[in-house]
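Q: Just dropping this structure here.
The values are calculated or read from the model by the stated rules, or taken from the named source; none is laboratory data. Source: prediction; values computed, not measured. Reconstructed Cβ throughout: ideal geometry from the backbone, glycine too, with neighbour counts over all protein chains shown.
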């Protein structure tokens, strides 16, 4: 999962992500496109179930799922006018599966907002406007190139019709991801790789006393109530305070703050949900591991992420819930208790599954 980060200046993005990833390599220089060659952070998806499964099966290694953050660049108003740098920025962000906007919600008189006042709604509009302008240019060029062919080809004529529908909405400042498009229309625009057709997640950098703000309230603050976009509250100061803490100290600190998880854990979970992703577990060959798949994937599709040939060779899978393999201390006693089920090619994998695949090669 690749998450491309975009942001305005002085949102404490660098402080936030340096703390979250325990990495101080982010370039915090205060000028546009300072991160032309994007920093890439691969972070583990923390899940306490992995260690519990490891103890139950008495094996050695734990390999969590991972999430890749691409720190692309910060945006300013009329960023598209910086043609050369802007094109490089666009190339980087097109590689991302989703776009994470870091939005400043906290007030701090010592940190001047780039536009003079804290206004998260306006900040989002500036970033979205630049992305929409890029998509308008992409769609307009494709209409011009395919328009002549549409006169003699019904399929191309339909595609151009969809392009014009999308262009009309873009011109009214609507993100493609928020447009009402059916599956056939979405298929028609897929090869355009439009920036605003990606999933959007918003990380609200809030003050400490706002960490318990609900997603619904954050959406109201950002004026996103009528969208499907996901919003997460993160406090850069709290995350920075925890960077040198041990696991035990961090747990105690979160408890004192009346929090259950860190901002990064919440952000990754929300990003997974926004992209329709989940993960299952394997427990074999002396390691317990989490594998990322799409929600709704069948057992052969789940096997494919381990090795591309495994989907073709798939025969069946032993499946047990993570609670049962922990409760019964491993595969053997779980089988004795009839908690392990034999599943075939049509089985839809669940979030809590621990799986052991069987192949014929």
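Q: Of the residues in segment 118-132, how many are surrounded by 17 or more Cβ atoms within 10 Å (Cβ to Cβ) and over 10 Å from residue 195 (Cβ atoms)?
A: Looking only at that region, the number is 6.
Q: Here are 61, 91: which of them is loosely packed, with under 14 Cβ neighbours inside 10 Å and modelled with pLDDT of 85 or more?
A: 61
Q: Against the definition (modelled with pLDDT under 95, surrounded by 17 or more Cβ atoms within 10 Å (Cβ to Cβ) and over 21 Å from the mean Cα position of the chain (by Cα)), how does residue 160 come out, yes or no?
A: So residue 160 passes the test.
Q: Among 325, 293, which is within 21 Å of residue 63 (Cβ to Cβ) and assigned to a helix (DSSP H, G or I)?
A: 325
Q: OK, next. For segment 172-189, which positions are part of a helix (DSSP H, G or I) and more than 18 Å from residue 133 (Cα to Cα)?
A: Selection gives 183, 184, 185, 186, 187, 188.
Q: For segment 243-260, name all the residues that are free of Cβ contacts under 8 Å to residues at least 24 places away in the same chain and surrounded by fewer than 15 Cβ atoms within 10 Å (Cβ to Cβ).
A: 244, 245, 246, 247, 248, 249, 251, 252, 255, 256, 260
Q: With the requirement that a residue be crowded, with 18+ Cβ neighbours inside 10 Å and assigned to a helix (DSSP H, G or I), what does segment 198-220 give you?
A: 218, 219
Q: Additional query: Can you tell me which of (1) farther than 14 Å from residue 101 by Cα; (2) in the same structural domain as residue 123 (by TED's automatic domain parsing); (3) touching a helix residue (DSSP H, G or I) at 6+ places or on another chain (Cβ under 6 Å) is the one residue 227 doesn't meet?
A: The number of the failed condition is (2).
Q: Out of all the residues in segment 305-314, which are surrounded by 14 or more Cβ atoms within 10 Å (Cβ to Cβ) and either out of contact with any helix residue (DSSP H, G or I) (no Cβ under 6 Å at 6 or more places or on another chain) or part of a helix (DSSP H, G or I) (or both)?
A: 305, 306, 310, 311, 313
Q: Can you confirm whether residue 268 is buried (at least 18 other Cβ atoms within 10 Å of the Cβ) and within 20 Å of residue 41 (Cα to Cα)?
A: yes
Okay, residues lined up against (1) under 22 Å from residue 246 (Cα atoms); (2) in contact with a helix residue (DSSP H, G or I) (Cβ under 8 Å, 6 or more places away or on another chain); (3) modelled with pLDDT of 85 or more:
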{"position": "22", "(1), (2), (3)": "yes, no, no"}
{"position": "37", "(1), (2), (3)": "no, no, no"}
{"position": "48", "(1), (2), (3)": "yes, no, yes"}
{"position": "125", "(1), (2), (3)": "no, no, yes"}
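Q: A follow-up question, please. Just need a number here: residues in segment 315-338 that are without any contact (Cβ under 8 Å) to a residue 60 or more places away in the chain and in contact with a strand residue (DSSP E or B) (Cβ under 6 Å, 6 or more places away or on another chain).
A: 7
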